[in-house]
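Here's the structure we're looking at; comments come further down.
The values are calculated or read from the model by the stated rules, or taken from the named source; none is laboratory data. All values reported here derive from a predicted model rather than from experimental measurement. Ideal geometry is used to build each Cβ from the backbone, glycine not excepted, and the neighbour counts take in all protein chains shown. For the accessible areas, the whole protein counts, side chains as well, though only heavy atoms, and no ligand, DNA or RNA atoms are used. Shrake-Rupley method; radii C 1.70, N 1.55, O 1.52, S 1.80 Å.
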Amino acid sequence: MSVEPLQVDLHLFSRHVQKATSDRSEGEFSAAAGELRKALELWRGPVLNGTGGPVLGAASTVLEERRLAAVEELFALRLQLGEDSGIVSEIREFADAYPLREGLRAQLMLALYRAGRQAEALHEYAAMRDLLAEELGISPCPDLAGLFEKILRASPELDTPAQAPSAPSPRPSEDGARAPENAPCTLPYELPDFTGRHLELRFLLDRGQAGEGARIVAVDGMGGAGKTTLIVRAAHRLAASYPDGQLYIDLRGFTPGEQPLAPEEATRILLRSLGTPDSAIPDDTENRLAMWQAASASRRLLLVLDNAAEAAQIRPLLPVTSACLVLVASRCRLLDLDGAHWISVGTLAPQDSAELLTRTLGEERVAADPEAAKSLATLCGHLPLALRIATARLHNRPRWTLQYFVDRLREEDALLTELRSTERSVATTIQLSYEALGRSTAGRSCSSECTPGRTSTLMRPRLSRA
């Protein structure tokens, strides 16, 4: 018996789907929806149902996937045509039958939101997030997380049917998200006279490039060793690989007179940096953290977390996607921060201290008394903070020779008093470092400060008197 192609439902189904694709590309959304309805009416139950063995089972799975793709496409068209509450129950039926399909869940969330049921839409995201974590150990795809963020902010673009998103792909595209215009950048300025740290900088740049690999790269070291300067320099050089934004935040882990910044407050600052208005940021901690996770999941961000006190301060801020990079600086190596690649910085090598003095004071002034310059670097313990405060004082007093300043520093109890400016003090930095030693037993390892051979000479007298 000979059967014509158009007498076979599968051929008719394919023909309607192809026609729908053509109509949609030409902007004929109603016609495209009509073609998909005709295609789906051909299905009267599970295809190849029975005990046909693995071959027929595999073929059945492929055909079922084609049907579900057509279902999602039809729902997307109907949403684009302005249908809202009328299709909630229809989408929910399929979403419940196929709970791991993120595209169907996204369409259900959008339909609920447009029907004035924002809380239910947000609940659907939470349910999907929990299901994926429990069943597969993964987070929702960036498109679904981005939709959650827009619903949480009541974004106006969701109200316009013509701009309604179609079903998200389950994973990001290979070329990643495109950079939005005016991507935020809150990085501090980069010091033009950055000196030394060649190996450390190369470590950060090699592990910070976009792509597979470590997503948390961290620097630990004693106070005043130049950790912030180092990670900020690396961040500026890596910025092009993270075009959706480069965000800096001081977690105030060792800031005199201040408490460490709580994660819920840090997320408020980060959300503001991404352009989220205060009125749209949730007051409760759980929803605020969820909003930050959704916002970061749909972007390629470079996040610089400076002055961190403990791992618990950092974990809630970590983006869920490997498309983002987190650079961390802390006086202690946070052993509880799993997955991080760490590098320690100590004092500068003598030749780097000499170069820093030359670059900040000028070749002429250093060349006038090179031995005094060496003595100054030694008295400063080859610590970048101390060297910069010393050269700042010398700049402010052009008549002082290097030898005169060295003699002042050698006077009893004058060293730490002299190495102080309006906003910076070596004595305060060392005191905070010493206090941190008592906290290092709480699951942390202050590698740069707890190892005597790596501490600055400025720190040793202080410790011996304590």
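Results, tabulated for the structure shown:
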| quantity | calculated |
| --- | --- |
| With DNA, RNA and ligands ignored, accessible area of R388 (1.4 Å probe; Å², nearest 10) | 50 Å² |
| Overall dimensions of region 222-342 by Cα: Rg and Dmax, Å | 14.0, 40 |
| Stokes-Einstein translational diffusion, region 261-420 - Kirkwood Rh over all Cα pairs, 1.306 mPa s, 10 °C, in µm²/s | 83 µm²/s |
| Full-extension gain in nm, R237 to E157, via 0.36 nm per residue minus C-alpha separation | 25.4 nm |
| Whether region 211-288 is rounded, prolate or oblate, judged on the alpha carbon gyration tensor where a/c under 1.5 counts as rounded | oblate |
| Rounded FRET efficiency, nearest 0.05, which uses the C-beta distance separating F194 from L136 and R0 of 45 Å | 0.55 |
| Region 191-252 versus region 375-412: alpha-carbon centroid distance in Å | 28 Å |
| Gyration tensor verdict on region 224-263 (Cα atoms; rounded if a/c is under 1.5, prolate if a/b is larger than b/c, oblate otherwise) | oblate |
| Heavy-atom accessible area per residue - region 89-145, 1.4 Å, Å² | 44 Å² |
| Peptides 315-325, 199-209 ordered by average Cβ neighbours within 10 Å, highest first | 315-325, 199-209 |
| Average accessible area per residue (Å²) across region 230-361 - probe 1.4 Å, nucleic acids and ligands excluded | 36 Å² |
| Relative contact order, percent, region 289-411 [alpha-carbon distance under 8 Å, six or more residues apart] | 20 percent |
| Accessible area of region 188-276 belonging to carbon and sulfur atoms, whole % at 1.4 Å probe | 50 percent |
| Extension gain (nm, one decimal) between L12 and Y98, 0.36 nm per residue minus Cα-Cα | 28.5 nm |
